[in-house]
Amino acid sequence: GLSEEEMATLYNAMDVHLLASKREGFGIPILESMATGVPNISHDFSSMSELVKDHGWLCKSLGYDLNLETTPLNAETATPDVYSIAECIKDAYFDEKKRITYGKRAREFAIQYNWDDIISNGWIPFLKNVEKEIKDKRNMIGLTEEKNILWKKLKNQ
């Protein structure tokens, strides 16, 4: 793979980043390009809508209700409309002012996803809460006491 510096150089060589897949769980490449100030053209579906809205171009799906596919994991996907993608590319190419504005907004949006902040302000409190709930439920149904008795028996063998 490429180093972070090489990835930044690659993204900075772009005027826009295009990722119009059927669906994304999160869309790390979208966020990576945004972090370098590169606006995106993405499919208006799944997480891509949330990441790109108001600071990039969102292409439409083909006849939304008619063209949904269901994956083996029971997830719905939609097919991006290639004509809509072409319109977004055309707008990005010919409207430099919008492209620059979207790039600045994209960067502002992306920097809120700082790993240290996400871990300390999001994941650690969440996991502590889950741990507390699990302990409370175990104590409530007596599992902790039973587990301790089993451990003592194992240690004595």
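Only the coordinates and a few stated rules stand behind these numbers; no lab work does. These numbers were taken from a predicted model, which means no experiment stands behind them. A quick note on method: Cβ atoms are made from the backbone with ideal geometry, for glycine too, and the neighbour counts reach across all protein chains shown.
Note that the range 5-10 has calculated 3J(HN,Hα) couplings of 5, 5, 5, 4, 4, 4 Hz, one per residue in order, obtained from phi through the Karplus relation 6.51 cos²θ - 1.76 cosθ + 1.60 (θ = phi - 60°); glycine and proline are x. Between the range 91-112 and the range 19-87, the C-alpha centres lie 17 angstrom from each other. Taking amide H as placed 1.01 Å from N in the peptide plane, the amide H of ILE41 sits under 5 Å from that of HIS17, LEU18, LEU19, TRP57, each at least 5 places away or on another chain. Considering only ASN12, GLY1, ASN74, and ranking their Cα positions along the charge dipole of the chain that arises from unit charges at the beta-carbon of Lys, Arg, Asp and Glu, the one farthest toward the positive end is ASN74. When the square roots of the Cα gyration tensor eigenvalues are ordered a ≥ b ≥ c, the ratio a/c for the range 80-119 is 1.5 or more and a/b does not exceed b/c, which makes its shape oblate. Rounded, prolate or oblate: which fits the range 38-113, taking a ≥ b ≥ c as square roots of the Cα gyration tensor eigenvalues, rounded meaning a/c under 1.5, else prolate when a/b beats b/c? Oblate. Of the cross-linked pairs LYS53/LYS128; LYS22/LYS53; LYS135/LYS155; LYS132/LYS152; LYS22/LYS128; LYS22/LYS98, which ones have a Cα-Cα span greater than 27 Å in the structure shown? Flagged as over cut-off: LYS53/LYS128; LYS22/LYS128. Solvent-free Debye calculation, one equal scatterer per alpha-carbon of the chain: log10 I(q)/I(0) at 0.16, 0.17, 0.18 Å⁻¹ equals -0.94, -1.01, -1.08.
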